[in-house]
Amino acid sequence: MAVHLRFFSLGVVAGTFGCLSSVFGKLSVESDSPSLLRWALLESAVLDGVALETVLMGARVVSFGLNVICTALMWRYYIQAMASVTSAKASVVSTGTNFVLTALAGAVMFQEQLNWAWFIGAGLIVLGLFLIVQGNVDKIKDT
């Protein structure tokens, strides 16, 4: 039971860092991101006299750095999760967490719409991940 909890928690942490990496990646490259613009405006109010474009560029550089750090942390925890169980199980937990959290972050931070087609697609992806894990379990039993 301890191994199950360990791999699951490591997979969730890896997926969470994957989500954060996506968010910071989008902030670092998207020029008209409302979230980045709001953050830059708040920072420019604090940094009196600094041009908004300078603050935006600084925000993009910081976001890119955080993207790199979150990606490295995602891989660290994902590899640790794979060391605890099969790679398929670690992938399902990590990918599922990343997928759900990234969708929620997109909806909250970037005003992205999640319509019925997204939910159908998400369900198909989760079903596919489940089938992959089941296929691997059946292979292990056969050998």
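Remarks
- For GLN113, the criteria (1) at pLDDT 85 or above; (2) under 26 Å from CYS70 (Cα atoms); (3) in a helix (DSSP H, G or I) hold in every case but one, which is (3).
- For the stretch 1-41, a tally of residues being modelled with pLDDT under 80, open to solvent by 50 Å² or more (accessible area, probe 1.4 Å), under 24 Å from ALA105 (Cβ atoms) and under 25 Å from the mean Cα position of the chain (by Cα) returns 6.
The values are calculated or read from the model by the stated rules, or taken from the named source; none is laboratory data. Keep in mind the model is a prediction, meaning the values are calculated, not measured. Glycine also receives a Cβ, built like all others from the backbone with ideal geometry; neighbour counts cover every protein chain displayed. Ligands, DNA and RNA are excluded from the accessible area calculation, which covers all protein heavy atoms including side chains. Shrake-Rupley method; radii C 1.70, N 1.55, O 1.52, S 1.80 Å.
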